[in-house]
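Asks: Take this structure first; my questions come after.
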Amino acid sequence: MKEILYSSTRGDKGRIRASEAILRGLAPDGGLYVPDSIPGLEKTLREISSLTYQETAYEVMKLLLTDYTEEELKYCISHAYDSKFDTEEIAPLSEAGGAYYLELYHGATIAFKDMALSILPYLMTTAAKKNNVKNEIVILTATSGDTGKAALAGFADVPGTRIIVFYPKHGVSPIQEQQMVTQKGDNTCVIGIEGNFDDAQTGVKKIFTDPKLKELLDSKGFQFSSANSINIGRLVPQIVYYVYSYAKLLKEGRIAEGDPINVVVPTGNFGNILAAYYAKNMGVPIAKLICASNSNKVLFDFFKSGEYDRNREFVLTSSPSMDILISSNLERLIYHIAGNSAEADAAYMEKLTKEGRYEITDEMRSKLTDFYGGFATEEETFATIADLFNKTGYLIDTHTAVAASVYGKYVKETGDKTVTVIASTASPYKFTRSVMNALGHGDDNCDDFALADKLSEISGVAIPEAVESIRNAEIRHKTVVDKTQMEKAVKDFLKV
Ligand SMILES: *Cc1c(COP(=O)(O)O)cnc(C)c1O
């Protein structure tokens with residue numbers, strides 16, 4: 001097997017092994033770690049179709065995390081994908097309305113972030129051991145709602161780690177907030193900020209790359225790492241379910257070996273769809289990568305015009321986990337389509353920081369023909385939830401509905417009948433109020449938990465344990481700070 005090394009999207013100096021890249025999270029120059037090549041699958045998809053989710057995970061992850069031993073990887077995988085998931089399949093496919101929904105929300109926090117964040121703590125603590133790290137690892141995370149809880153659940157009480165999560169105080173759903181502020185574990189810290197997700201993410205990146213702070217922490221026995229999707233340890237586990245879903249379609253005879261499929265991904269930070277792009281490059285016959293945005297449609301505009309421009313109003317929508325104007329992981333795609341050029345990428349990212357915009361070359365644009373960008377308005381999103389439910393009885397959340405709506409528009413526009421997998425990224429119970437509004441059962445006098453009871457009555461879908469367990473849980477995290485005070489909050493928690 002070929003060894004894969006990782007380098008920063010902004011500088012080629014020093015290639016490092018996968019475990020080191022996972023420990024660091026972000027490169028010291030502010031870039032993201034990328035593999036020096038994308039390996040092809042070793043087994044055929046037909047062979048993979050007889051494997052379990054865990055076995056598929058091993059087949060995929062061993063190719064990219066080449067410095068982990070077989071024993072280490074299998075340990076990480078078996079501890080991550082276990083009974084925390086409410087189905088043995090881990091990521092089931094459901095057919096509804098002419099598409100296959102890949103349900104990625106059966107883990108502990110009922111959103112797709114669990115697919116990667118249930119394994120990241122194992123990958124990271126294993127990496128710490130492998131690299132003789134003596135410091136305590138401090139996971140620093142900005143969340144638009146779902147990453148935070150999934151990371152907290154993954155890292156709570158993991159020896160040798162602490163976790164600090166920043167979320168936009170007024171930018172997450174009540175259930176999302178309740179999930180986070182009730183988090184147990186002495187090593188956990190949850191802080192609301194007066195600002196939006198981009199502020200939280202920018203603040204975290206700044207803290208991360210501050211050399212003085214790094215030195216101070218090191219002297220106190222701490223070092224930062226990241227659980228955000230900029231960490232390659234998040235991206236690699238996400239490739240697995242695209243391989244798995246193709247193999248599943250094959251096994252069930254829905255497609256023949258080699259048939260193309262399309263993939264639709266409700267997109268925010270561009271991590272999930274980038275994983276699909278990597279899966280394609282590893283050999284999964286994915287034809288179109290359909291990137292679905294909500295009203296924060298910066299990516300739609302980018303795919304249409306070749307210009308990325310974040311200078312626009314930030315809109316709060318009913319799909320808050322996609323309310324993002326700076327899609328961090330797009331940087332990895334930019335690097336690849338620039339011919340794996342760190343120099344070109346660094347120049348674009350500097351422009352993005354300074355002017356809030358950049359425009360790629362025609363040659364780079366010609367490498368994006370597999371991508372199709374679309375967006376859905378709030379009305380379209382709600383109509384899609386109601387329509388699918390009324391016609392088929394299948395219930396989807398607001399994020400998934402953005403994808404389903406964009407898919408509907410894509411089919412209308414192109415007539416493309418290719419078998420299609422829609423990434424279903426959250427349980428409808430995570431966004432109960434919006435889903436109930438969409439179904440015409442909104443009720444301002446009900447809290448979100450009472451609404452969940454009603455939704456269960458209407459839909460016949462049981463309320464997930466993840467919602468039941470926080471209903472009356474004690475609120476343990478109450479701190480709210482201004483977006484300019486994030487560094488101080490970190491120091492306070494670590495007492496440095
Ligand atoms: C995070 C998230 C997304 C966006 O995924 P990215 O990898 O950031 O593009 C979509 N839907 C839900 C429910 C999420 O939690």
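The values are calculated or read from the model by the stated rules, or taken from the named source; none is laboratory data. Since we're looking at a predicted model, the values are computed, not measured. When we count neighbours, we look across all protein chains shown, and the Cβ atoms used for this are built from the backbone with ideal geometry, even at glycine. Heavy atoms of the whole protein, side chains included, go into the accessibility calculation; ligands, DNA and RNA do not. Shrake-Rupley method; radii C 1.70, N 1.55, O 1.52, S 1.80 Å.
Asks: Which of (1) touching an Asp or Glu at 6+ places or on another chain (Cβ under 7 Å); (2) open to solvent by less than 20 Å² (accessible area, probe 1.4 Å) is the odd one out, the single condition Arg10 does not satisfy?
Replies: For Arg10, the exception is condition (2).
Asks: Considering Ser319, Ser366, Ser328, which residue is surrounded by fewer than 23 Cβ atoms within 10 Å (Cβ to Cβ), closer than 24 Å to Ala200 by Cα and polar (S, T, N, Q)?
Replies: Only one candidate passes the filter, namely Ser328.
Asks: Can you spot a residue in segment 75-87 that is in a strand (DSSP E or B) and within 27 Å of Ile385 (Cβ to Cβ)? So that I can check it myself, show each step before the final result.
Replies: Just the residues of segment 75-87 that are in a strand (DSSP E or B), to begin with: none.
No - not one qualifying residue is present in segment 75-87.
Asks: Restrict the check to segment 205-227 and report whether at least one residue is within 23 Å of the chain's Cα centre (by Cα), of a type in the set (Ser, Thr, Tyr), closer than 27 Å to Tyr6 by Cβ and crowded, with 21+ Cβ neighbours inside 10 Å.
Replies: yes
Asks: Take the residues of segment 251-292 that are within 14 Å of the ligand (Cβ to nearest atom) and either closer than 11 Å to Tyr372 by Cα or over 16 Å from the mean Cα position of the chain (by Cα) (or both): which is surrounded by the fewest Cβ atoms within 10 Å (Cβ to Cβ)?
Replies: Leu289
Residue-by-condition table, conditions (1) within 15 Å of the ligand (Cβ to nearest atom); (2) farther than 18 Å from Gly145 by Cβ; (3) touching a His at 6+ places or on another chain (Cβ under 9 Å):
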site: Gly408; (1), (2), (3): no, yes, no
site: Glu413; (1), (2), (3): no, yes, no
site: Asp416; (1), (2), (3): no, yes, no
site: Tyr429; (1), (2), (3): yes, no, no
site: Phe449; (1), (2), (3): no, no, no
site: Val467; (1), (2), (3): yes, no, no
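Asks: With the structure loaded, tell me whether Tyr81 is modelled with pLDDT of 95 or more and open to solvent by 20 Å² or more (accessible area, probe 1.4 Å) or whether it fails that test.
Replies: Answer is no for this residue.
Asks: Another question about this same structure. Take segment 104-142 and flag every residue that is farther than 17 Å from Leu26 by Cβ and assigned to a loop (DSSP other than H, G, I, E, B).
Replies: Those that are farther than 17 Å from Leu26 by Cβ and assigned to a loop (DSSP other than H, G, I, E, B): Leu104, Tyr105, His106, Gly107, Ala108, Thr109, Ile110, Phe112, Ser118, Ile119, Asn132, Lys134.
Asks: A follow-up question, please. Restricting attention to segment 340-348, does a residue exist that is open to solvent by 40 Å² or more (accessible area, probe 1.4 Å) and either in a helix (DSSP H, G or I) or under 27 Å from Ala200 (Cα atoms) (or both)?
Replies: Yes; the residues of segment 340-348 include at least one that is open to solvent by 40 Å² or more (accessible area, probe 1.4 Å) and either in a helix (DSSP H, G or I) or under 27 Å from Ala200 (Cα atoms) (or both).
Asks: Which one of Val490, Val467, Val496 is farther than 24 Å from Leu102 by Cβ, in a helix (DSSP H, G or I), open to solvent by less than 60 Å² (accessible area, probe 1.4 Å) and not hydroxyl-bearing (Ser, Thr, Tyr)?
Replies: Val490
Asks: Moving on. Any idea how many residues of segment 408-440 are outside any helix (DSSP H, G or I), aliphatic (A, V, I, L, M) and open to solvent by less than 10 Å² (accessible area, probe 1.4 Å)?
Replies: So the answer is 4.
Asks: Quickly run through segment 226-247 and pick out the residues that are assigned to a helix (DSSP H, G or I), within 13 Å of the ligand (Cβ to nearest atom) and touching a Ser or Thr at 6+ places or on another chain (Cβ under 9 Å).
Replies: Listed by number, the residues that qualify are Arg234, Leu235, Pro237, Gln238, Tyr241.
Asks: In segment 196-217, how many residues are at pLDDT below 90 and within 14 Å of Val165 (Cβ to Cβ)?
Replies: Qualifying residue count, segment 196-217: 2.
Asks: Select from segment 115-152 the residues that are under 17 Å from Asp186 (Cα atoms) and among the hydrophobic types (A, V, I, L, M, F, W, C) and list them in ascending order.
Replies: Ile137, Val138, Ile139, Leu140, Ala150, Ala151, Leu152
Asks: Taking into account only those residues within segment 388-400 that are assigned to a helix (DSSP H, G or I) and either farther than 12 Å from Tyr101 by Cβ or touching a Pro at 6+ places or on another chain (Cβ under 8 Å) (or both), which is nearest to the ligand (Cβ to nearest atom)?
Replies: So, considering only residues that are assigned to a helix (DSSP H, G or I) and either farther than 12 Å from Tyr101 by Cβ or touching a Pro at 6+ places or on another chain (Cβ under 8 Å) (or both), the one nearest to the ligand (Cβ to nearest atom) is His399.
Asks: Of these, Ala142, Ala116, Ala108, which one is surrounded by 24 or more Cβ atoms within 10 Å (Cβ to Cβ), within 16 Å of the ligand (Cβ to nearest atom), touching a residue at least 40 places away in the same chain (Cβ under 8 Å) and within 27 Å of Thr420 (Cα to Cα)?
Replies: Among Ala142, Ala116, Ala108, only Ala116 is surrounded by 24 or more Cβ atoms within 10 Å (Cβ to Cβ), within 16 Å of the ligand (Cβ to nearest atom), touching a residue at least 40 places away in the same chain (Cβ under 8 Å) and within 27 Å of Thr420 (Cα to Cα).
Asks: How many of the residues in segment 162-185 are at pLDDT below 95 and polar (S, T, N, Q)?
Replies: 4
Asks: Quick one: Asn187 ticks every box in (1) surrounded by fewer than 16 Cβ atoms within 10 Å (Cβ to Cβ); (2) without any contact (Cβ under 8 Å) to a residue 40 or more places away in the chain; (3) touching an Asp or Glu at 6+ places or on another chain (Cβ under 9 Å) except a single one, so which number is it?
Replies: The failed condition is (1).
Asks: Tell me, yes or no, whether segment 299-307 has at least one residue that is part of a helix (DSSP H, G or I), open to solvent by 50 Å² or more (accessible area, probe 1.4 Å), closer than 26 Å to Ser226 by Cβ and not small (Gly, Ala, Ser).
Replies: no
Asks: Which of the numbered conditions does Thr353 fail, given that it passes all the others? Conditions: (1) surrounded by 14 or more Cβ atoms within 10 Å (Cβ to Cβ); (2) of a type in the set (Ser, Thr, Tyr); (3) more than 16 Å from the ligand (Cβ to nearest atom).
Replies: (1)
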